[in-house]
Amino acid sequence: MRLDKFLKVSRVIKRRTLAKEISDEGRVKVNDRVAKAGTDLSVGDIVEIEFGRKIVTLEVVQLEAHAKKEDADRMYRIIKEQKIEKDSSFL
């Protein structure tokens, strides 16, 4: 399954176009490699997403073409969430 579709179907990111933009900006890594929107995912892959000041790392648990809202979070397991501290020394 394509990375952008997985992010949308799993509801990690609400819109596929936004998932594509974030991926193409280099803010998503799959197995420690920068990934584009068309990167194929497999069960067991580790996805790291940079959301502004937060980095979320998750593991792909299952791949489904469609998922109900209640079942979407079963497609992944969050491994860790970390906040990014911005360097304020230039102020």
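The values are calculated or read from the model by the stated rules, or taken from the named source; none is laboratory data. Here the structure is a predicted model, which is why all the values come from computation and not from measurement. So basically every Cβ, Gly included, is an ideal-geometry build from the backbone, and we count neighbours across all protein chains shown. Heads up: the accessible areas ignore ligands, DNA and RNA and are worked out on the full protein's heavy atoms, side chains in. Shrake-Rupley method; radii C 1.70, N 1.55, O 1.52, S 1.80 Å.
Given the structure, is residue 19 touching a residue at least 40 places away in the same chain (Cβ under 8 Å) and closer than 17 Å to residue 1 by Cα?
Taking the combined requirement at face value, the residue does not satisfy it.
Can you name the residue in segment 34-46 that is among the charged types (D, E, K, R) and under 17 Å from residue 64 (Cα atoms) and is also surrounded by the fewest Cβ atoms within 10 Å (Cβ to Cβ) among such residues?
40
Scan segment 1-33 for residues that are of a type in the set (Ser, Thr, Tyr), surrounded by 18 or more Cβ atoms within 10 Å (Cβ to Cβ) and out of contact with any strand residue (DSSP E or B) (no Cβ under 6 Å at 6 or more places or on another chain) and jot them down.
Result: 23, single match.
Only residues in segment 48-71 that are under 12 Å from residue 22 (Cβ atoms) and in contact (Cβ under 8 Å) with a residue 24 or more places away in the chain count as the first member; pair them with residues that are open to solvent by 60 Å² or more (accessible area, probe 1.4 Å) and polar (S, T, N, Q), Cβ under 9 angstrom, at least 6 apart or cross-chain, and list the lot.
56/82
Go through (1) open to solvent by 90 Å² or more (accessible area, probe 1.4 Å); (2) more than 12 Å from the chain's Cα centre (by Cα); (3) touching a residue at least 24 places away in the same chain (Cβ under 8 Å) one by one and return the number of the condition residue 84 breaks.
If we test residue 84 against (1) open to solvent by 90 Å² or more (accessible area, probe 1.4 Å); (2) more than 12 Å from the chain's Cα centre (by Cα); (3) touching a residue at least 24 places away in the same chain (Cβ under 8 Å), just (1) comes out false.
Name the residue that is nearest to residue 3 (Cα to Cα), counting only residues in segment 63-74 that are surrounded by 14 or more Cβ atoms within 10 Å (Cβ to Cβ) and at pLDDT 80 or above.
Checked segment 63-74; the qualifying residue nearest to residue 3 (Cα to Cα) is 63.
Give me a count of the residues in segment 47-61 that are surrounded by 13 or more Cβ atoms within 10 Å (Cβ to Cβ) and over 17 Å from residue 4 (Cβ atoms).
4
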